[in-house]
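What follows is a set of notes on a single structure, which appears directly below.
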Amino acid sequence: MGRAQGAVGDISKYQQALQNPDLRLQYALVQEMLKLQDPALQRLAKEHALFSTNPVMREAAIKAILDSGATLRIQVAGEQEKYVYVSKWASGLGGTFVQNRGEVLVVVPPAVNDACWGDKDRCIFRQVGSTLQYNPHIVNLSYLPRFVLTLGNDGVLRGTASNPTGETLQAQIDLKE
């Protein structure tokens, strides 16, 4: 019982601290909360930032989630008859692609700079405002889909994925997960 009361007290303290009008403090707190092992506190931090009415805080939420090294679930769905390269992308990353629908779990690589996560040769994820670009890289696979997704009011990035062969799908990443 004592641990449960302590956990509730911790959540209350974080909720109260997130109400501070200083956006820099809120952002720093969100970053720290995302590094904690407590899933409830991580979710509280994500939801606070993603549902903020302040666009700067919403953009900062995307950055904080990426900076935390999160694992993102990328979902895709399309209406074309065949998706040869998208299927290879999904299976190449250990995901699934069946009946024009698929999903892949991707671990965000370390930040290269304030708007790029990847390595010194390429940005796997690139952020511009509330838009995220995802450019997967799998050795020996060509025509991988490129993603452009924009944050919605519900905390979900939505957009399209396409490759040079004309394969196009709708894509989404729920940042609250």
Report task. For ALA61, work out the one condition from (1) in contact with a Leu (Cβ under 6 Å, 6 or more places away or on another chain); (2) part of a loop (DSSP other than H, G, I, E, B); (3) among the small types (Gly, Ala, Ser) it doesn't fulfil. Result -> (2)
Query raised in the report: Looking at segment 70-96, which of the residues that are out of contact with any Lys or Arg (no Cβ under 9 Å at 6 or more places or on another chain) and assigned to a strand (DSSP E or B) is nearest to VAL148 (Cα to Cα)?
Result: ILE74
**Report entry** segment 36-62: number of residues that are open to solvent by less than 60 Å² (accessible area, probe 1.4 Å) and in contact (Cβ under 8 Å) with a residue 40 or more places away in the chain
**Finding:** 5
Query - Residues satisfying the stated conditions in segment 27-81, i.e. farther than 20 Å from GLN133 by Cα and among the charged types (D, E, K, R) - result: GLU32, LYS35, ASP38, ARG43, GLU47, GLU79, GLU81
Query raised in the report: Quick one: what pairs do we get from segment 77-104, first residue open to solvent by less than 70 Å² (accessible area, probe 1.4 Å), second among the basic types (Lys, Arg), C-beta under 7 Å, 6+ apart or different chains?
Result: ALA77/ARG101
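For segment 63-71, does any single residue satisfy the condition of being more than 30 Å from LEU23 (Cβ to Cβ) and open to solvent by less than 60 Å² (accessible area, probe 1.4 Å)? Please lay out each step first, then the result.
So the first thing to find is which residues in segment 63-71 are more than 30 Å from LEU23 (Cβ to Cβ), and the list is none.
No: zero hits.
Which one of these is open to solvent by less than 30 Å² (accessible area, probe 1.4 Å) and in contact (Cβ under 8 Å) with a residue 24 or more places away in the chain: TYR134, TYR143? Break it down into steps so the answer makes sense when it comes.
On the way: TYR143 fails: open to solvent by less than 30 Å² (accessible area, probe 1.4 Å).
After ruling out the rest, the residue left standing is TYR134.
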**Report entry** In segment 160-177, the residues that are free of Cβ contacts under 8 Å to residues at least 60 places away in the same chain and among the β-branched types (Val, Ile, Thr)
**Finding:** THR160
Report task. Considering every residue within segment 60-73, establish whether at least one is over 19 Å from the mean Cα position of the chain (by Cα), at negative phi and among the basic types (Lys, Arg). Result -> no
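The values are calculated or read from the model by the stated rules, or taken from the named source; none is laboratory data. Note that the structure is predicted; figures quoted are calculated from it, not measured. No Cβ is skipped: glycine too gets one built from the backbone with ideal geometry, and neighbour counts run over all protein chains shown. Each accessible area value is taken on the protein alone, full model and side chains, heavy atoms only, with ligands, DNA and RNA left out. Shrake-Rupley method; radii C 1.70, N 1.55, O 1.52, S 1.80 Å.
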